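Every number in this text was worked out from the coordinates using simple rules, so none of it is lab data. Because the structure is a prediction, the values reported are computed rather than measured. Counting neighbours? That spans all protein chains shown, and the Cβs are built from the backbone with ideal geometry, glycine included.
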Amino acid sequence: MNKFSDNEIKIEFISKSNNEAFARISVAAFVAQLDPTIEEISDIKTAVSEAVTNSIVHGYEDKLGIVTLICKLHNNDVYIEVSDKGKGIENIEMAKQPLYTTKPNLERSGMGFTIMESFMDELSVESILGLGTKVTMRKTIKQTDELEDTQVTLEEALRG
Amino acid sequence: MKMEGRYYEEDKLLIFKINEEIDECSVKEIRRRADYEIERFMPREVIFDFDSVTFMDSAGIGMVIGRYKQLNIIGGRTEVANLTDGVRKIFAMSGVLKIIPEIDLEKRLEKFNQTDDKKEVVNL
């Protein structure tokens, strides 16, 4: 059992796209204490990046607002919550469809929710029009007896 | 440099080597530079080299498909090379590799290494 289990951080930042990298790197550094593999950390970073990008690009549509990121560790589970007080999603089921995008002219691939869904073990989306959106994700970090070198260190997580 | 470009006149081949994380933020500049060079050289072939891309999210899919569409109009093809694990996972799940194939860049450039004439290569 990991002595660090049960831990939590909360980060609030303004909706600037420069903060996408900050958000995913912060989560990666925090999650490193569960000894995830490089692939697990990469999956989590990608999912966080997608969720935060959604809040900035779609939620606030490049207006300034606050994005709240909460990350909780419980046993071997990572819980991530990304929320905004932006315009909300009209039809969540449609938004989750692969390739669906409301902004095709800006070269959005419409793969954001599909990536979050497949890279994490659980995804739920709550949204109220005009009030905002909250995305909650969970991923279990598998405990393996594999060689040490498959484990990502804090230093590696920060680097890439 | 965040993105290095090289142009091989003989084959009308344009290569972009991306040296940064690709997300919605960084992709704007990558797209702007790529479009500028594509318009300037009108290449027959464009290869994106991901060797030093340590992170990419779905913004990379949109960027590559966007260039593919543009190249299609001028009759050029688009390819990707040196995909790192995370990048390949994103491309594979989106189905992009079916229309934009992954190629062996080293092999593709073999013929240029053998010639002494380096005048034909432009570093951008």
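For the reader, a short list of remarks on this structure follows.
- Residues in region B:54-73 reached by a label modelled at B:Thr84 [backbone nitrogen below 17 Å; 7 Å Cα→Cβ]: B:54-61
- Cα long-axis angle, helix A:19-31 against chain A (0 to 90 degrees, to the nearest 10): 30
- Calculated over chain A: convex hull of Cα atoms, volume per residue (Å³): 107
- Counting 0.36 nm for each residue step from B:Asp35 to B:Glu120 and taking away their Cα separation leaves a gain of 28.5 nm.
- Per principal axis, descending, Cα span of the protein assembly as shown in whole Å: 63, 48, 29
- In degrees, nearest ten, helix A:38-54 long axis to first principal axis of chain A (Cα): 20
- Size descriptor for region B:42-109, Kirkwood hydrodynamic radius: 12.2 Å (Cα pairs only, one decimal).
- Choice from B:Asn19, B:Asn72, B:Asn113 showing the highest fluctuation, given a GNM over chain B with Cα pairs closer than 10 Å: B:Asn113
- Amide hydrogen proximity for B:Ile22: with H placed 1.01 Å from N in the peptide plane, the residues at 5 or more positions away or on another chain lying under 5 Å are B:Phe55, B:Met56, B:Asp57.
- What the Kirkwood sum gives for chain B is a hydrodynamic radius of 14.6 Å, with every pair of different alpha carbons counted.
- For chain A, built as a Gaussian network whose Cα springs stay under 10 Å, the top-fluctuating residue of A:Thr136, A:Thr68, A:Thr144: A:Thr144
- Computed over region B:1-54, the range of Cα coordinates on each principal axis works out to 32, 20, 16 Å, biggest value leading.
- Across chain A, C-alpha contacts under 8 Å between residues 6 or more apart give a mean separation that, scaled by the residue count, equals a relative contact order of 28 percent.
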